[in-house]
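Colleague: Please see the structure below; I have some questions.
The values are calculated or read from the model by the stated rules, or taken from the named source; none is laboratory data. Model, not experiment: these values are computed from the prediction. Because the Cβ atoms are built from the backbone with ideal geometry, glycine has one as well, and the counts that use them run over all protein chains shown. For the accessible areas, the whole protein counts, side chains as well, though only heavy atoms, and no ligand, DNA or RNA atoms are used. Shrake-Rupley method; radii C 1.70, N 1.55, O 1.52, S 1.80 Å.
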Amino acid sequence: MAEFVQVAAESAAVDLLVVPVDETLKSVVLETIGARANVDVLASAAQEHFKGKAGSSLLFRGLTGVEARCVLLVGTGEDAFRRAGVVAARNAKSVRAAKVAIAATGLSPQAVAEIVQGMTLGAYEFKRHISSAEDAFIGVQAILVLDGADAEPLVREAKVVGDAVLFARDLVNESPNNLYPASLAEAAVDMATKHGLQHVVFDEGELQEKGFNLIMAVGKGSEHAPRLIHLTYSAGKPKRRIALVGKGVTFDTGGYNIKPGASMLNMHGDMGGGAAVLGAAQALAQLAPTDIEVHFIVPSAENNIAANAYKPNDIFHGYGGKSVEIHNTDAEGRLLLADALAYAKELGVDTIVDLATLTGACVVALGELTAGLFTNDDALAEELLAASKRADEDLWRLPLTAKLDTQLDTPHADMKNIGSRWGGAITAGLFLKRWVDIEQWAHLDIAGPAFSEHEGDLSGAGGTGYGVTTLVEFVRALSA
Ligand code: BES
Ligand code: ZN
Ligand code: ZN
């Protein structure tokens, strides 16, 4: 956690002093440092083409007149404070700065909070399975905020959300031999217990008995049996009741419609929707918004191959009472969600939002950084798009083209689980729509942004924790 101190920037005895600057390059702190230093800081900035743009930075070592071992100018552009925090953390890592100070003079509390949150996001590494190296950097141990005491409450909240994003990343990054439905449920229950959320988990016996036949079908071919995780947050007199549902496929081989090797790699990330929902649960439990009820529901299964695995032309009756003929075992996420959405509806909520790494088609449509938003309600679309903007998570609305719905018809059952080759993200959404007859429902296809093979603006390679911040922003705005 950050400490708030009233120390002049030049006097902070830290490894790294972070000085945020926008494109005007005007900063009182920079002027003071410039006046005391042995180099012309502004001239060096010009020479190095540092213009304060979002994502840019300029590092100085051994400036005289400044106590800090290194000084980092980070560009904030117009308002890219989270990103500036990430850049600061990456620099802290590269100069092995255990103690970091942020010069907050002149910044709004919101900006300071976003910088600290960005530092949390940027410092993250998944090293659980790396045997410790002798000279490994211990990481940033202390963050001092200089001249920014009024930001303290917002910083505390931003840190809670940042930690929840890391919780989601840890779940996504964990290997599929270690993270499977039962262990995911265990992690969820541990978190729920720690933060005081109500929780219930259905095991395979209960799923079978209650008729979650689609979840069971997807998980049939795995040695790891399915689970349905349901956590609840409730405070005051709920004005709005919400269900957040996340796809929790702990590994997606494709099943008998097996994926080619390159497409199968990283399919342990196919529970990114579930991870986002659990991350949001952790954050909301701590932020404690009032007069709201939120259900966090994660249907979880491993989609694998075995003699008893489900197969094309199998027909199952879902929890919501309708039947599905399987045409492709790799379209498994919508099956899990169908059962979970029908269950969520039963809880009598006003609004359901689901998140799922659902289709490659959505990645083709929008690219790897942007999630697709499908919803039957324009007001809900506005709320979610606004929340995603505040969260710095790209989201773009796509249509639920009604004319494509007949693609899901089959003579043998109420529906089949795939449409034609074209518009695959839309027909996946239309499939879900058949199971959620509720006025306010939204589906976020996060197949692109949930997992990244490369370092991005806010996340390193691997699970990104996409969706946690948007969901938290969304729920908090409803409670306000
Ligand atoms: N988990 C995949 C979708 C996915 C693709 C997630 C790429 C992340 C990155 C999903 O279960 C799937 O396999 N979808 C199929 C649907 C098809 C069979 C209709 C797809 O997108 O190819
Ligand atoms: Zn699949
Ligand atoms: Zn999948």
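Colleague: Residue by residue through the stretch 233-242, which ³J(HN,Hα) values in whole Hz follow from phi under the Karplus form 6.51 cos²θ - 1.76 cosθ + 1.60 (θ = phi - 60°), with glycine and proline marked x?
Modeller: Values, residue by residue: 10, 8, 9, x, 9, x, 8, 9, 10, 10 Hz.
Colleague: Of the listed peptides 257-270, 240-253, what is their order by residue-averaged count of other C-beta atoms within 10 Å, with the highest listed first?
Modeller: Per-residue mean Cβ counts within 10 Å order the peptides as 240-253, 257-270.
Colleague: Still on this model: In nm, to one decimal, how far is the modelled label at Asp350 from the one at Gln47, with both set 7 Å along Cα→Cβ?
Modeller: Going by the 7 Å Cα→Cβ label model, 6.1 nm.
Colleague: If each residue of separation counts as 0.36 nm, what is the full-extension length gain between Glu209 and Ala288 once their alpha-carbon separation is subtracted? All intermediate terms of the calculation are to be shown ahead of the outcome.
Modeller: Details: separation 79, 0.36 × 79 = 28.44 nm, distance 3.47 nm.
Taking Glu209 through Ala288 to full extension adds about 25.0 nm, to one decimal.
Colleague: Let me ask another. Using a Cα-Cα cut-off of under 22 Å, which lysines could be cross-linked to Lys220, ignoring same-chain neighbours fewer than 8 residues away?
Modeller: Hits, sequence-local ones excluded: Lys210, Lys247, Lys259, Lys311, Lys322, Lys416.
Colleague: Additional query: Counting only residues 5 or more places away or on other chains, whose amide H sits under 5 Å from the amide H of Val245 once H atoms are built in the peptide plane?
Modeller: Under 5 Å from the amide H of Val245: Ile297, Val353, Asp354, Leu355.
Colleague: Simple spin-label model, 7 Å along Cα-to-Cβ: Thr193 to His412 in nm?
Modeller: Computed distance between label sites Thr193 and His412 equals 4.5 nm.
Colleague: Thr250's amide H: which non-local residues (gap 5+, or another chain) put their own amide H closer than 5 Å, with H modeled 1.01 Å from N in plane and none for Pro or chain starts?
Modeller: Correct list: Ala301, Glu302, Asn303.
Colleague: Ignoring everything except DSSP H segments at least 4 long, calculate the 222 nm mean residue ellipticity for the chain; use -39,500 (n - 2.57) per segment, divide by total residues, nearest 500.
Modeller: Details: 15 runs with 173 residues, N = 480.
About -11000 deg cm²/dmol.
Colleague: For the stretch 1-55 and the stretch 229-250, what is the separation of their C-alpha centers, rounded to whole Å?
Modeller: The stretch 1-55 and the stretch 229-250 have Cα centres separated by 44 Å.
Colleague: Place the peptides 218-225, 196-203, 470-477 in order of packing, highest mean first, counting for every residue the other Cβ atoms within 10 Å and averaging per peptide.
Modeller: Packing proxy ranking, top to bottom: 470-477, 218-225, 196-203.
Colleague: Can I ask one more? Toward the positive end of the charge dipole of the stretch 370-480, about the Cα centre and with charges on Cβ (Lys, Arg +1; Asp, Glu -1), which of Gly424, Ile446, Gln407 goes farthest?
Modeller: About the Cα centre, the residue reaching furthest to the positive side is Gln407.
Colleague: Ok, one more. Which of the helices in the chain, when you take each full DSSP H run, stretch at least 15 Å along the axis at their Cα atoms and have an average Kyte-Doolittle score of -1.0 or higher?
Modeller: Working: long enough: 81-94 (20 Å, -0.26); 109-123 (21 Å, 0.69); 152-173 (31 Å, 0.37); 181-195 (21 Å, 0.11); 272-287 (22 Å, 1.11); 333-346 (20 Å, 0.38); 378-391 (20 Å, 0.05); 468-479 (17 Å, 1.22).
Both cut-offs are met by 81-94, 109-123, 152-173, 181-195, 272-287, 333-346, 378-391, 468-479.
Colleague: How large, in percent, is the carbon and sulfur part of the accessible surface of the stretch 218-276 at a probe radius of 1.4 Å?
Modeller: With neighbouring chains kept in place, the figure for the stretch 218-276 is 56 percent.
Colleague: Let me ask something additional. Report, by chain and number, residues whose modeled amide H sits under 5 Å from the one on Ala101, excluding near sequence neighbours (fewer than 5 apart, same chain).
Modeller: Excluding prolines and chain starts, which carry no amide H, the hits are Leu16, Leu17, Val18, Leu144.
Colleague: Next question. Given Cα pairs under 8 Å that are at least 6 residues apart, what percent is the relative contact order of the chain?
Modeller: Reported as a whole number, the value is 15 percent.
Colleague: Another one. For the stretch 367-480, what is the relative contact order in percent, using Cα pairs closer than 8 Å and at least 6 residues apart in sequence?
Modeller: So the answer I get is 36 percent.
Colleague: Order 325-333, 418-426 from most to least packed using the mean count of other Cβ atoms within 10 Å.
Modeller: Descending packing order for the listed peptides: 325-333, 418-426.
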